[in-house]
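Everything on this sheet refers to the single structure shown next.
The values are calculated or read from the model by the stated rules, or taken from the named source; none is laboratory data. What you see is a predicted model, and the numbers here were worked out from it, not measured in a lab. Positions of Cβ are generated from backbone atoms using ideal geometry, with glycine treated the same way; all protein chains shown enter the neighbour counts.
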Amino acid sequence: MTNQTNINRKVLNNGIVVVTQENTVADIVSAKIFLRIGSSYEAKNQAGISHLLAAVLTKGTEKLSSLDIANKIESVGARLGSNTTADYFLLSMKTVSEDFDDIFQLSGEIIRYPSFPEQEIELEKRITIQSIRAQLEQPFTVAFSQLREMMYQNHPYALSTLGTENTVSQITRYDIQKFYQTYFRPDCIVISIVGKISNVKAIALVEQTYGDWQPPITPISTLNLPKITPQAFTAKKYQETQQSIIMLGYLAASVNSPDYAPLKLLNTYLGNGLSSRLFVELREKRGLAYDVSAFYPTRLYTSNFTVYIGTAAENTAIAQARLKAEVERLVTDLLSEEELEISKNKLLGQYTLGKQTNSQIAQILGWYEILHLGIDFDVRFQKNLFMVTTLEAQEVASKYFIEPYISIVGKEK
């Protein structure tokens, strides 16, 4: 569990939220700069723009070239990188403590004064389009894309953060600059700093680097997301592949829901690791699976609970039936007290292992804040998980596991 005692949270006058935690175990400082934007904020015809922005943000500023930035980072053995998700944008950095001031000030230059060089944008567009094409060769990715599009319809969660070949090829430097100017503002930022630096010094450094950045007068854009109308159906894509990929998807609760902890528990029970129910029943006992698992991503809005199996083409029908039966078993049968306890311990153990390094702790603290969960979410989640009963697990299963969306990718019969 993250030690709550020395976590400090401060809101600067310009709206930036700073969360710090001193940790002197190693001579490392890690910082994460989250922005309350992500692919959910993209116009449909500009899908992939936040990914492109992340790719070119570190490739030049008003004063520094791409090479200058790379030299500054590499000369001290630091790490700095940016990426985007559906719910937020992130710039991460990690250095030894004596170089942290310089690298953090460099982050200020990158975030506040990017130059978006035209040739870098064109290069990143080509790389992104190659990645999109490569994904079309991967049966798992094809199956999940098909599933997401069915489940989310016009909602931004329907698309990959990479966008599509069509949308990416049409994004211009002007589009990226406009997107940047709209969403990069101090009152959309959360900065978490963890490591060998005092809370006082960390906050002073943020003030020095970002304190004079004033938010625009215009209010922050609010998301107007389309309503998702559940209507489960099946989609198949034929691909010359050695195995069939079968995915069953269910629309599921966001991280803010009281159902979040029970669903995380059910996900652990069904599909987490070699002792999970799906692995034991469908791979070990029945020999149906090359690969079988479940995932339930943490989302700010409607999430998805997905189970999947990779199986030999001739076993497609039986594997699909068995996979569906395992999910439906959670609705009809109570978990035993022992199954419940094992799943809780496994989930809590993995949860604790995910908070070992300064970088992991900084990620979690900033992430809680950007998702509006608060830094005490750590304690609340574990408490909620501890209190889940076998009856509550069954009730939550009954609520969400009604009729699955089904996505199949494999050979034609």
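Which residues, taken from the range 146-169, are part of a helix (DSSP H, G or I) and either among the aliphatic types (A, V, I, L, M) or surrounded by fewer than 19 Cβ atoms within 10 Å (Cβ to Cβ) (or both)?
Those that are part of a helix (DSSP H, G or I) and either among the aliphatic types (A, V, I, L, M) or surrounded by fewer than 19 Cβ atoms within 10 Å (Cβ to Cβ) (or both): Leu147, Glu149, Met150, Met151, Ala158, Glu165, Asn166, Val168, Ser169.
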Could you figure out which of (1) touching a strand residue (DSSP E or B) at 6+ places or on another chain (Cβ under 8 Å); (2) outside any helix (DSSP H, G or I); (3) not charged (D, E, K, R) isn't true of Phe104? (2)
Among the residues listed as Ser343, Ser336, the single one being surrounded by fewer than 13 Cβ atoms within 10 Å (Cβ to Cβ), touching a residue at least 12 places away in the same chain (Cβ under 8 Å), of a type outside the set (Lys, Arg) and under 18 Å from Gly271 (Cα atoms): Ser336
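Could you tell me whether the range 175-187 includes any residue that is touching a residue at least 12 places away in the same chain (Cβ under 8 Å), out of contact with any strand residue (DSSP E or B) (no Cβ under 8 Å at 6 or more places or on another chain), of a type in the set (Ser, Thr, Tyr) and surrounded by fewer than 16 Cβ atoms within 10 Å (Cβ to Cβ)? So that I can check it myself, show each step before the final result.
To start, the set of residues in the range 175-187 that are touching a residue at least 12 places away in the same chain (Cβ under 8 Å) comprises 175-177, 179-180, 182-187.
Checking which are out of contact with any strand residue (DSSP E or B) (no Cβ under 8 Å at 6 or more places or on another chain) leaves us with 175-177, 179, 182, 185-187.
Checking the rest, the ones that are also of a type in the set (Ser, Thr, Tyr) come to 182.
Next cut, surrounded by fewer than 16 Cβ atoms within 10 Å (Cβ to Cβ) only: 182.
The answer is yes, given that some residue of the range 175-187 is touching a residue at least 12 places away in the same chain (Cβ under 8 Å), out of contact with any strand residue (DSSP E or B) (no Cβ under 8 Å at 6 or more places or on another chain), of a type in the set (Ser, Thr, Tyr) and surrounded by fewer than 16 Cβ atoms within 10 Å (Cβ to Cβ).
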Test: residue in the range 34-47 that is closer than 13 Å to Ile176 by Cα and without any contact (Cβ under 8 Å) to a residue 24 or more places away in the chain: yes
Taking the range 108-160 as the region of interest, how many residues are under 24 Å from the mean Cα position of the chain (by Cα) and at positive phi? 1
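So is Gly60 over 30 Å from Ser198 (Cα atoms) and either surrounded by fewer than 20 Cβ atoms within 10 Å (Cβ to Cβ) or assigned by TED's automatic domain parsing to the domain that holds Ile176 (or both) or not?
It is true that Gly60 is over 30 Å from Ser198 (Cα atoms) and either surrounded by fewer than 20 Cβ atoms within 10 Å (Cβ to Cβ) or assigned by TED's automatic domain parsing to the domain that holds Ile176 (or both).
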Within the range 380-401, residues under 25 Å from Pro230 (Cα atoms), in a helix (DSSP H, G or I) and over 22 Å from the mean Cα position of the chain (by Cα) come out as Glu392, Ala393, Gln394, Glu395, Val396, Ala397, Ser398, Lys399
Any hit, the range 312-324, residues being in a strand (DSSP E or B), surrounded by fewer than 22 Cβ atoms within 10 Å (Cβ to Cβ) and under 19 Å from the mean Cα position of the chain (by Cα): no
For the range 199-240: of the residues being under 22 Å from Asn14 (Cβ atoms) and among the polar types (S, T, N, Q), which is surrounded by the fewest Cβ atoms within 10 Å (Cβ to Cβ)? Thr222
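Quick one: which of Gln105, Gln130, Gln119 is touching a helix residue (DSSP H, G or I) at 6+ places or on another chain (Cβ under 9 Å), polar (S, T, N, Q) and surrounded by fewer than 20 Cβ atoms within 10 Å (Cβ to Cβ)? First the steps, then the outcome.
Details: Gln130 fails: touching a helix residue (DSSP H, G or I) at 6+ places or on another chain (Cβ under 9 Å); Gln119 fails: touching a helix residue (DSSP H, G or I) at 6+ places or on another chain (Cβ under 9 Å).
The match here is Gln105.
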Only unsatisfied item for Arg79, checking (1) buried (at least 21 other Cβ atoms within 10 Å of the Cβ); (2) within 28 Å of Leu373 (Cβ to Cβ); (3) in contact with a Lys or Arg (Cβ under 9 Å, 6 or more places away or on another chain), is (1)
Please give the number of the condition Gln356 fails out of (1) assigned to a helix (DSSP H, G or I); (2) of a type outside the set (A, V, I, L, M); (3) free of Cβ contacts under 8 Å to residues at least 24 places away in the same chain. (1)
I want to confirm something. Restricting to the range 234-280 and keeping residues that are β-branched (Val, Ile, Thr) and in contact with a strand residue (DSSP E or B) (Cβ under 9 Å, 6 or more places away or on another chain), which single residue is farthest from Val292 (Cα to Cα)? Val255
Counting just the residues of the range 1-21 that are at pLDDT 95 or above and under 18 Å from Gln356 (Cα atoms), which one comes out nearest to the chain's Cα centre (by Cα)? Val19
